[in-house]
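A short write-up of the structure that comes next.
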Amino acid sequence: MKIDLLVAEIGSTTTVVNAFNDLDTCPKFIGQGQSATSVLEGDVNIGLKGAIDDLAKNLGEESIDYDELIATSSAAGGLRMTVHGLVYDMTVKAAKEAALGAGANIKFITAGRLRKSDLRKIEEIKPNIILIAGGVDYGERDTALYNSELIAELNLNIPVIYAGNIENHEDVKDAFEGKQTELYIVDNVYPKIDELNVEPTRKVIQEVFEKHIIHAPGMERVREMVTGPIMPTPGAVMAASQLLYDDIGDLVTIDVGGATTDVHSVTEDSDEISRILINPEPKAKRTVEGDLGVYVSMKNVVEMVGKEELVKELQITMEELEDLIAHHKPIPETDLEKQFVEKLTLHATITAVRRHAGGLKHLYGPSGKKTIAEGKDLTQVKYIIGTGGALTRLPNRKMILGEIALSNKGNDLLPNAEAEILIDNHYIMASLGVMAKKYPEEALRLLENSLKGE
């Protein structure tokens, strides 16, 4: 069978391929195949071929031919980054927002001048990309330059992105002259006080990732099969969210996975909140909660909720709960297993969204009570979107997302109860994010169909 476009999602444990046809007329999602990811065998192409064979089997075909194959990847540790800025609440935060929005897995963050122990840690982590920021344009310049010079002296074969004070451009270029480090200079992520400029850095991070991902363990031969772009999987979900925002408006996308829960919001602050917001927030923001997952991180969620509470919610005995925990599977099969995963997903979802969102604080002084806002304002969100395995497959997925608004204790800047709940029924949001690089209109139509369940 001939397929116009295959999109592979190369995960840390599973590789999924999604097939699409008729891109030039009426784009259609044809089917899906999956196989174990083969990073440990030293060649992801083994798992990729296995997923394509599974797709053929699911479609009742002997074999699959394709015109194009593009991919997202979180295999080999995903996009590992370290971020180094000046002041944590300002330039470091701006650089972190840019990195997370691009789909990065941030392994180390520093503020101020790097120390010898910091440099040792960077070498131990072996990140895919190092991001240096610091200083508003024409403001403090010494720290970012000092950090650039120290990292240049390490002479690592790791790409470095400089996104700090514009005055340092020439000196930073000089510092890396003759080094094996590949240097990228972009616009400042924090050009003025209370102004974020994260999109140029996000774009370059994804370009650098695509260029260098083939050097990751097991990924060396991926270019033999993949004919188009490769994006970090979380970055592709953000790209799909931004594409959808341009069509339908303010939204938040939630992906509860086995190990982490990712929240992507694309929304403007309300006028009321923007007037009392003490630090700027990006329009497109991603947070990743590494302790909230329904398989690898299951015990963290159980501990957070409490076994006694879960026994009460599930209306089972402690012995039954202990048995569920001891024999927990990646994909639940029995009704009780599904109910258990739904409770884990509910608590992971609410906790992750509340961490992602900001809140109101009341300060009391000589002049009386003053209210300020901190963090991301989600009160304008019109759509709550569920993607990922748990929120596209569990029976009560819509009910789980509906609990977000009901969890508001009064001071959280969460979506309200009028927000419409949509599900990525075909579980193809990440695939459509990378597809949108070349086929934005087709990706949008397919995403709308998936949200409608067509």
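Given a cut-off of under 8 Å on Cα pairs at least six residues apart, what relative contact order in percent is computed for the range 37-190? Don't skip to the end; give the middle numbers.
Values: 254 pairs, mean separation 30.2, N = 154.
Over the range 37-190, the number comes to 20 percent.
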note = Counting only DSSP beta bridges fully inside the chain, the antiparallel percentage to nearest 5 is 45 percent
ask   = For the range 297-344, what is the convex hull (Cα atoms) projected area averaged across all directions, in square nanometres?
value = 2.9 nm²
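Decide, for the range 183-313, between rounded, prolate and oblate: order the square roots of the alpha carbon gyration tensor eigenvalues as a ≥ b ≥ c, take rounded if a/c falls under 1.5, and otherwise choose prolate if a/b is larger than b/c, else oblate. Each step should come with its number before you reach the end.
Working: a/c = 2.04, a/b = 1.08, b/c = 1.88.
It is oblate, given that a/c is not under 1.5 and a/b is not larger than b/c.
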key: Å³ per residue enclosed by the Cα convex hull of the range 57-204   = 143 Å³
inquiry  = Charges at C-beta only: +1 for Lys and Arg, -1 for Asp and Glu. How large is the resulting dipole of the chain about its Cα centre, in Debye rounded to 20?
reply    = 960 debye
task = Please report, in whole Å, how far the alpha carbons of the range 247-351 spread along each principal axis, starting with the longest.
result = 52, 27, 22
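First compute the accessible area of the range 45-172 with a 1.4 Å probe, then give the percent of it belonging to carbon and sulfur atoms.
Numbers: 2330 of 5160 Å².
Carbon plus sulfur share of accessible area: 45 percent.
Determine how many Å³ per residue the convex hull of the Cα atoms of the range 1-90 encloses.
Numbers: hull volume 12.9 nm³, N = 90.
Taking the convex hull of the Cα positions in the range 1-90, it is 143 Å³ per residue.
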request  = Provide the per-residue ³J(HN,Hα) series for the range 220-226, in order, calculated from phi with Karplus coefficients 6.51, -1.76, 1.60 and θ = phi - 60°, each as a whole number of Hz, with x at glycine and proline positions.
outcome  = 4, 9, 4, 5, 5, 10, 6
Check: the range 356-450 dipole with +1 on Lys, Arg Cβ and -1 on Asp, Glu Cβ, in debye = 260 debye
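Using a 1.4 angstrom probe on heavy atoms only, work out the carbon and sulfur share of the accessible area of the range 336-409 in %. Write out the running numbers ahead of the final one.
Working: 1700 of 3280 Å².
With neighbouring chains kept in place, the figure for the range 336-409 is 52 percent.
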remark   = Taking Lys and Arg as +1 and Asp and Glu as -1, residues besides residue 423 with C-beta under 10 Å from its C-beta add up to +3
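Lys and Arg at +1, Asp and Glu at -1: add these up for the other residues within a Cβ distance under 12 Å of residue 399 and post the number.
Working: positive: 343, 397, 398; negative: 342, 403.
Every neighbour counted, the sum reads +1.
Given the range 8-81, what percent of its DSSP beta bridges are antiparallel, to the nearest 5?
Details: 11 of 14 bridges.
Of the beta bridges lying entirely in the range 8-81, close to 80 percent run antiparallel.
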note = Inter-part gap, Cα centre of the range 180-239 to Cα centre of the range 326-401, in whole angstrom, is 28 Å
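How many percent of the alpha carbon pairs in the range 162-237 exceed a separation of 19 Å?
Values: 1475 of 2850 pairs.
Percent of Cα pairs beyond 19 Å in the range 162-237: 52.
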Table column - 3J(HN,Hα) (Hz), the range 83-100, Karplus curve with 6.51, -1.76, 1.60, x for Gly and Pro = 10, 9, x, 9, 10, 4, 6, 10, 5, 5, 4, 4, 5, 5, 4, 5, 5, 5
ask   = Which whole-number percent gives the relative contact order of the range 186-232, counting Cα pairs below 8 Å spaced six or more residues apart?
value = 27 percent
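For the range 379-436, what D do you get in µm² per second when you plug the Kirkwood radius from alpha-carbon pairs into Stokes-Einstein at 25 °C and 0.890 mPa s? Walk me through the intermediate numbers first.
Details: Rh = 12.4 Å.
It diffuses with D of about 198 µm²/s by this estimate.
With +1 assigned to the C-beta of every Lys and Arg and -1 to the C-beta of every Asp and Glu, and no other charges, what is the dipole magnitude of the range 288-333 about the Cα centre in debye, to the nearest 20? Intermediate values should be presented prior to the final figure.
Values: 4 positive and 11 negative charges, 24 e Å.
About 120 debye.
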ask   = Between the range 415-435 and the range 277-295, how many Å separate their Cα centres?
value = 17 Å
request  = Just need the relative contact order of the chain here, percent rounded to a whole number, with Cα pairs under 8 Å and 6+ apart.
outcome  = 14 percent
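In the neighborhood of residue 42, defined by Cβ-to-Cβ distances under 11 Å, what is the net charge if each Lys or Arg adds +1 and each Asp or Glu adds -1?
Net charge in that neighbourhood comes out at -2.
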remark   = The distance between the Cα centres of the range 8-23 and the range 81-120, in whole Å, is 32 Å
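Per residue, how large is the accessible surface of the chain? Use a 1.4 angstrom probe and give square angstrom.
Numbers: 19930 Å² over 454 residues.
I get 44 Å² per residue for this part.
When the helix-only estimate is applied to the chain (DSSP H runs of n ≥ 4, each -39,500 (n - 2.57), divided by the residue count), what is the mean residue ellipticity at 222 nm, nearest 500 deg cm²/dmol?
Working: 16 runs with 175 residues, N = 454.
Only helices count here, giving -11500 deg cm²/dmol.
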remark   = Square roots of five times the C-alpha gyration tensor eigenvalues of the range 316-454, ordered largest first and given in whole Å, equal 32, 26, 12
ask   = Once you put a point 7 Å from the Cα of residue 142 and another 7 Å from the Cα of residue 227, both along the Cβ direction, what distance in nm separates them?
value = 5.6 nm
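Students often check this: by mean Cβ neighbours within 10 Å, which of 201-209, 30-38, 229-237 ranks highest, and how do the rest follow? Intermediate results must be reported in sequence, preceding the final value.
Values: 201-209: 22.3, 30-38: 19.8, 229-237: 25.8.
The most tightly packed comes first, giving 229-237, 201-209, 30-38.
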Karplus-derived HN-Hα couplings along the range 400-413 (A = 6.51, B = -1.76, C = 1.60, θ = phi - 60°), whole Hz, x at Gly and Pro = 4, 5, x, 6, 4, 5, 5, 7, 5, 7, x, 10, 7, 8
key: Sparsely packed trypsin sites (Lys or Arg not before Pro) within the range 397-429, loop by DSSP, other Cβ within 10 Å at most 15   = 409
inquiry  = Quick one: the Cα spread of the range 209-255 along its three principal axes, in angstroms, biggest first?
reply    = 39, 20, 14
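The values are calculated or read from the model by the stated rules, or taken from the named source; none is laboratory data. Computed from a predicted structure; not experimentally measured. Note that each Cβ is placed from the backbone with ideal geometry, even for glycine, and that neighbours are counted across all protein chains shown. The area values use the complete protein model at the heavy-atom level, side chains included, leaving out ligands, DNA and RNA. Shrake-Rupley method; radii C 1.70, N 1.55, O 1.52, S 1.80 Å.
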